[in-house]
Amino acid sequence: MDSVYGGYASGAHAGVVRGNTATLDSGIIADILAGGYADSTGVDHNEVHIYGGTVGTYIDPSTVSTVTHAAKVYGGYGTTATDNTVEILAGTLTGNVYGGYATTAGTPATTGASPTAEVSALRNNKVTLRDGVTVTGNVYGAYAAANASNMTAATDSNTIDLYKAVIDGTLYGGMAQDGAGSGKNNTLAVYARGAKADDFVGVQNLRFYVPAGTTAADKETMLTLDNVAAPAGATTATPTTKDLSHVNVGVQLAGNRPSLKVGDAVSLMKVYKGNTTNAAHAVAITSDTPLVNKATGMQGISLRYNFDLLTREAEAGSGKNNELYATVTSASVNPDTKSLVETRAASLAFLTSGSDLLTDAAMTAAMEAAATPASESQAGRARVDGAPKEYRMWAVQNVSSMRLNSGSHVDAKGWGLNLGFAKQRVSGRNTLTYGPFVEYGKGSYDSYLDDGLHGSGNMDYLGVGVMAKSQSENGAYVEGSVRVGRVKSDYAGTIDNTHTTYDSSSTYYAGHLGVGQEKQLKNGNTIETYAKYFFTHQGGDTAKLSTGEVYDFDAADSH
């Protein structure tokens with residue numbers, strides 16, 4: 001197939017090409033694969049997904065020979081290009097890949113007429129290259145077919161996400177046709193060890209996301225540049241350095257468990273020239289200040305790492321510090337992760353409120369229901385010794401609201417329901433009320449740390465239990481209950497500017513014992529004195545955060 005377009009528009013009166021998708025699972029594209037393509041209008045929010053197949057190389061059936069063609073993959077191609085995406089998960093490509101490509105709008109600066117400014121707006125375009133992908137050509141987060149000096153809108157905030165892919169060409173974060181880096185905040189993010197490319201240009205942010213499980217014993221570098229070019233304006237075509245003067249280098253850690261400790265070093269990048277990776281072709285990494293930069297990285301939102309970014313010889317004796325590496329200088333737990341634990345405090349308190357409902361209202365309702373005769377014929381037999389009455393249904397509900405102070409605080413509110421059956425047995429001067437019940441509660445909470453971090457979520461529990469209360473005619477009583485069930489909760493909050501969520505579920509059991517005395521006063525009121533002991537246990541749980549870390553929450557008890 002020659003070319004495939006997810007969306008296409010031609011002519012000055014055509015509308016914006018928006019929200020289209022082109023997908024290649026297998027087969028061959030000889031020329032153009034584009035999510036959105038317009039020759040006279042803008043394009044935005046278009047996508048290309050490549051899961052396999054070949055772009056740019058095919059067999060000519062007339063000659064039965066291999067034809068290599070410089071194909072082109074565009075997330076979006078138009079007068080302006082914003083928020084377009086190319087994702088390549090597998091396959092082989094010969095030609096250039098563009099997240100966004102913007103053509104010239106206005107009078108070109110190269111004509112003799114007094115030109116209007118060339119307009120090339122390329123923002124928030126993205127290219128993702130997954131493990132095993134091979135590209136013979138350049139990869140552009142965004143490319144402007146305009147001279148940087150004449151552009152009224154630049155190539156800003158475009159991204160290339162690079163996994164273990166091999167790029168036989170240069171990675172351009174944002175680039176104009178005159179070769180000048182015209183944009184800002186363009187990012188190259190490296191997510192795996194073993195990625196390769198000729199060079200990178202037009203990149204203001206270089207991010208290394210150290211893969212899960214990486215230790216100091218892993219010697220393979222994350223990114224190898226093996227054919228760097230001399231910078232624009234250099235007096236010689238042979239590169240002598242790779243300059244990171246205007247590049248913001250950052251390090252983050254992936255994975256759900258800590259794998260690095262203080263003193264460990266991780267190789268981030270090695271630089272060479274001439275497509276040869278040996279000492280003779282090493283190219284020194286330089287910066288406008290000594291490259292002993294301090295960097296702070298995170299593992300998810302939980303662990304804070306401080307790094308020194310340093311350079312060294314990748315090959316002893318080369319005389320060129322061509323390897324960039326990071327050394328861990330300190331590691332600490334992010335104090336804001338306390339917010340994650342507040343969920344457990346809220347759910348335990350909510351379970352405890354279920355005990356209050358049971359003893360405050362449920363037992364009274366159960367005794368009243370059990371004491372009610374089924375019919376008038378039974379009324380006269382209400383206190384026949386040893387004759388248990390039939391089970392009677394009872395139900396109570398309540399609404400609760402509480403504040404828990406834990407250095408920070410949690411506001412929780414909810415609704416609870418008890419539904420059960422009770423019967424009575426009369427023996428002498430004592431009446432025993434007992435029976436099973438089901439309990440359910442549903443609520444929500446808001447947690448606040450002292451620094452203002454806000455977490456929130458929902459919680460619910462469902463369980464079964466049995467209760468009993470024996471009361472004598474003089475008002476003395478003894479009571480108890482046992483409950484067991486499951487409690488579920490969730491969390492959502494923004495920690496270190498990262499939206500974080502998790503879900504949790506665990507078993508609970510609870511019970512209480514109490515003794516008391518009810519005394520009827522002459523004025524008809526009742527005074528009650530009592531002593532009661534409550535116990536609630538919430539089991540532990542292992543929860544995975546949306547950021548990847550795994551948390552083991554211990555069991556918790558309330559007395």
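The values are calculated or read from the model by the stated rules, or taken from the named source; none is laboratory data. Bear in mind that the values here come from a model prediction, so they are computed numbers and not experimental data. Please note: Cβ atoms are built from the backbone with ideal geometry, for glycine as well, and neighbour counts cover all protein chains shown.
Pairs please, first residue from the range 460-487 and in the same structural domain as Lys532 (by TED's automatic domain parsing), second anywhere and in a strand (DSSP E or B) and acidic (Asp, Glu), Cβ atoms under 6 Å, 6+ apart in sequence or on different chains.
Gly463/Glu439; Lys469/Glu479; Gly475/Glu518
Would you be able to tell me the number of residues in the range 54-76 that are within 14 Å of Asp31 (Cα to Cα) and either at pLDDT 95 or above or touching a Leu at 6+ places or on another chain (Cβ under 8 Å) (or both)?
7
Among the listed residues Val262, Val271, identify the single one that is assigned to a strand (DSSP E or B), outside the structural domain of Ala142 (by TED's automatic domain parsing) and of a type in the set (A, V, I, L, M).
Val271
Could we say that Arg130 is at pLDDT below 95 and basic (Lys, Arg) here?
Taking the combined requirement at face value, the residue does not satisfy it.
For the range 93-123, how many residues are assigned to a loop (DSSP other than H, G, I, E, B) and either among the β-branched types (Val, Ile, Thr) or at pLDDT 95 or above (or both)?
So the count comes out to 7.
Inspect all residues belonging to the range 426-436 and state whether any of them is surrounded by fewer than 17 Cβ atoms within 10 Å (Cβ to Cβ), of a type in the set (Ser, Thr, Tyr) and in a strand (DSSP E or B).
yes
When you check Tyr8 against the structure, is it over 19 Å from Glu87 (Cα atoms) and among the aromatic types (Phe, Trp, Tyr), yes or no?
yes
Taking the range 538-559, which residues are assigned to a strand (DSSP E or B), more than 19 Å from the chain's Cα centre (by Cα) and surrounded by 15 or more Cβ atoms within 10 Å (Cβ to Cβ)?
Those that are assigned to a strand (DSSP E or B), more than 19 Å from the chain's Cα centre (by Cα) and surrounded by 15 or more Cβ atoms within 10 Å (Cβ to Cβ): Gln538, Asp541, Phe553, Ala556, Ser558.
Matching residues to (1) surrounded by fewer than 19 Cβ atoms within 10 Å (Cβ to Cβ); (2) touching a Lys or Arg at 6+ places or on another chain (Cβ under 6 Å); (3) closer than 30 Å to Lys261 by Cβ; (4) not assigned by TED's automatic domain parsing to the domain that holds Leu89:
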| site | (1), (2), (3), (4) |
| --- | --- |
| Ile167 | no, no, no, no |
| Leu171 | no, no, no, no |
| Gly174 | no, no, no, no |
| Gln177 | yes, no, no, no |
| Asp199 | no, no, no, no |
| Ala217 | yes, no, yes, yes |
| Thr221 | no, yes, yes, yes |
| Ala230 | yes, no, no, yes |
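Strands (runs of 3 or more DSSP E) wholly in the range 13-52 with at least 1 residues that are touching a His at 6+ places or on another chain (Cβ under 7 Å) - which ones?
In the range 13-52, 21-24 are the strands (runs of 3 or more DSSP E) which contain 1 or more residues that are touching a His at 6+ places or on another chain (Cβ under 7 Å).
Pick from the range 224-250 the residues that are aliphatic (A, V, I, L, M) and within 19 Å of Ile167 (Cα to Cα): which of them is modelled with the highest pLDDT?
Leu225
Tell me, which residue of the range 394-414 that is among the hydrophobic types (A, V, I, L, M, F, W, C) and either loosely packed, with under 14 Cβ neighbours inside 10 Å or under 31 Å from the mean Cα position of the chain (by Cα) (or both) is farthest from Tyr477 (Cα to Cα)?
Val410
Would you please list the contacts, defined by Cβ atoms under 8 Å and residues six or more apart or on different chains, that run from a residue in the range 128-146 that is in the same structural domain as Val48 (by TED's automatic domain parsing) and in a strand (DSSP E or B) to a residue that is surrounded by fewer than 24 Cβ atoms within 10 Å (Cβ to Cβ) and of a type in the set (D, E, K, R)?
Within 8 Å, the pairs are Thr128/Glu87; Thr128/Asp161; Leu129/Asp161; Thr134/Asp168; Val135/Asp168; Thr136/Asp168; Gly141/Lys126; Ala142/Arg123.
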